[in-house]
Amino acid sequence: MAKSVTIIFLGDFFFDARCINMADTILDARLNLNIINTGNSKNSYRGKRIYHISLPKRGFYKYIKFHKEVKNILTETNSEIIIAGDLFSLPVATSIKDAHVIYDSREIYTQLAGLSNNPLKQKFWSWVEKKNITKTQSVLVTADGDGIILKNLYPNINITKIYNFPSRKLKPSGSISLRKKFNISAERKIFLYQGVLHKNRGIKTIIKLLENFQNAHAVIIGDGPYKAELRKYAVKRKTEKRTHFYGAVPYLELLELSADADIGFSLIKPVSKSYEQALPNKLFEYALAGIPVIASNLPEMDKIINKYQIGYTVAHDEINAQTQIIKKILNENNRLEIQKKAEQHLVWESQKKEFLISLGIHKKP
């Protein structure tokens, strides 16, 4: 009988690239799959049930409710392999006796920017991680730097590096037009940001850069608490007519939209250890869509972008340097080269075997 796997994620499964890629790999390996999330999208994925948990938006009670309801589902499904898709899912995953538990540490959760001004919360989540991480069979990280940090904290854990690569099958086909949506002509350039809208992710910088490129538009795909502030900022810079907000998009549609852009941005400000080590999936999604990247010159992004030559890195606050790089990119014509490199080196399929090894399905060679 095929083994049963459960993915737990405090978020909407259909808007999360990593969860979808994991689910596809699990199903392709002919394993049974359950998905537990806090979204309210479809009730199944590829014929497998999705359990939705409704939570309050704020307050510590939401984590208590999440733990309790997930525990009931895990008991009902009797899963042999459990993937905690974030730190918030880890305690309930490790509470299941004899389960093979994988902790997907896609961030340095105890060093998130949102915790930097709240030492009590930071101390609490650090305690949660310390208490539970050594009970796992494998810890997944998205970059070398994260693995080094966690290994220094917890020397005995088993770490596997699984990058936030998109699936090769998401290579755009041209079926959705971003330009048509916002009536942007082919002669005008599109500066793209995709992802959650938070402070310190360089989104204001993109809006500001429009002042230096009068034939350009900024398109922001995503949602979050920072949207109202960004709208005000666009009005302040008098670029509101060239700044467009698309909203959140289901992941399987995202790259089709991205392909209409000319440059993809990830100008993260290193305000926390998690941000310093950032290697966001948008870099690889931009590349697979054939879009050159401009990103902060932080260690992990710098290493990947320069190695595969999919764009350029620059200081997050150097507007003049960013302007010069944009001009350089717009004079180059290497979209197909970037896309080809991404297809060869920066896709999920290149690391499926390592992921299955972390599940205990395949043995190490």
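The values are calculated or read from the model by the stated rules, or taken from the named source; none is laboratory data. Remember, it's a predicted structure, so these values are computed and weren't measured experimentally. For neighbour counting, all protein chains shown are included, and Cβ atoms are generated from backbone atoms with ideal geometry for every residue, glycine included. Calculation scope for accessible area: heavy atoms of the full protein, side chains included, ligands and nucleic acids excluded. Shrake-Rupley method; radii C 1.70, N 1.55, O 1.52, S 1.80 Å.
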Which is the longest run of the chain containing none of the GluC sites (Glu not before Pro) found in DSSP loop states (not H, G, I, E, B) with at most 12 other C-beta atoms within 10 Å?
-> 1-186
Using only Cα atoms, what Kirkwood radius does the range 182-222 have, in angstroms?
-> 10.9
One would report the antiparallel percent of DSSP beta bridges in the chain, rounded to the nearest 5, as 5
In whole Hz, with x marking every Gly and Pro, tabulate ³J(HN,Hα) for the range 311-328 from phi via Karplus 6.51 cos²θ - 1.76 cosθ + 1.60, θ = phi - 60°.
-> x, 9, 10, 7, 4, 4, 10, 9, 4, 5, 5, 5, 4, 5, 5, 4, 4, 4
If every Lys and Arg gets +1 and every Asp and Glu gets -1 at its Cβ, then about the Cα centre the chain yields a dipole, in debye to the nearest 20, of 640
In nanometres, what is the gap between the two model label sites at Ser177 and Glu332, each 7 Å from Cα along Cα-to-Cβ?
-> 2.8
Cross-link reach from Lys97 to aspartates and glutamates, straight Cα distance under 13 Å and at least 8 residues apart if same chain, gives Glu80
Where the only charges are on Cβ atoms (+1 Lys, Arg; -1 Asp, Glu), what is the dipole of the range 72-211 about its Cα centre, to the nearest 20 debye?
-> 740
Round to the nearest 10 and report in Å² the accessible area of Val271, as given by a 1.4 Å probe over the protein chains' heavy atoms.
-> 60
Please work out the C-alpha center-to-center distance from the range 228-267 to the range 62-116 and express it in whole Å.
-> 32
From the C-alpha gyration tensor of the range 212-319, square roots of 5λ in Å | 22, 17, 15
If the chain between Lys71 and Ser126 were fully extended at 0.36 nm per residue, the gain over the current Cα-Cα distance would be 17.6 nm
Using eta = 1.002 mPa s and T = 20 °C, Stokes-Einstein with Kirkwood Rh from Cα pairs puts D for the range 294-361, in µm² s⁻¹, at 154
Multiply the residue separation of Lys135 and Lys3 by 0.36 nm, subtract the distance between their alpha-carbon atoms, and state the gained length in nm to one decimal.
-> 45.5 nm
Go through (i) 72, 58, 43; (ii) 60, 42, 38; (iii) 60, 50, 50 and flag the label whose value is the computed Cα extents along the principal axes in Å for this structure.
-> (ii)
Helix-derived mean residue ellipticity, 222 nm - over the chain, DSSP H n ≥ 4, -39500 (n - 2.57), to 500 = -11000 deg cm²/dmol
Express the relative contact order of the range 173-294 as a whole percentage, based on alpha carbon pairs under 8 Å and six or more residues apart in sequence.
-> 31
Please list Ile96, Ile8 in order of solvent-accessible area, largest first, computed with a 1.4 Å probe with all protein chains present.
-> Ile96, Ile8
Reciprocal mean inverse distance between Cα atoms of the range 133-268 - Kirkwood radius, Å = 17.0
Nearest 10 degrees, 0 to 90: what angle lies between the long axis of helix 17-28 and the longest principal axis of the chain (Cα atoms)?
-> 50
Going by the alpha-carbon gyration tensor, a ≥ b ≥ c the square roots of its eigenvalues, is the range 81-199 rounded (a/c under 1.5) or, if a/c is not under 1.5, prolate (a/b greater than b/c) versus oblate?
-> prolate
At 7 Å along the Cα-to-beta-carbon direction for both Gln214 and Glu253, put a label point, then send me their distance in nm to one decimal.
-> 3.6
Could you pull out the pairs from Lys303/Lys341; Lys130/Lys273; Lys42/Lys353 whose alpha carbons sit more than 22 Å apart here?
-> Lys42/Lys353
For the chain, the longest principal axis of the Cα atoms and the Cα long axis of helix 61-77 enclose an angle in degrees, to the nearest 10, of 60
Could you calculate the contour length gain from Arg58 to Lys227, that is, 0.36 nm times the residue separation minus the distance between their Cα atoms, to one decimal place in nm?
-> 59.0 nm
For the chain, calculate the relative contact order in percent as a whole number, restricting contacts to Cα pairs under 8 Å that are 6 or more residues apart.
-> 15
Any idea of Ile26's accessible area? Nearest 10 Å², probe 1.4 Å.
-> 0
Going by the alpha-carbon gyration tensor, a ≥ b ≥ c the square roots of its eigenvalues, is the range 49-144 rounded (a/c under 1.5) or, if a/c is not under 1.5, prolate (a/b greater than b/c) versus oblate?
-> oblate
For the table Lys204/Lys340; Lys307/Lys327; Lys307/Lys364; Lys151/Lys364; Lys189/Lys282, the rows whose alpha-carbon distance is greater than 25 Å are Lys204/Lys340; Lys307/Lys364
On a 0 to 90° scale, report how tilted helix 119-133 is relative to the longest principal axis of the chain, with both axes built from alpha carbons and the result rounded to the nearest 10.
-> 50
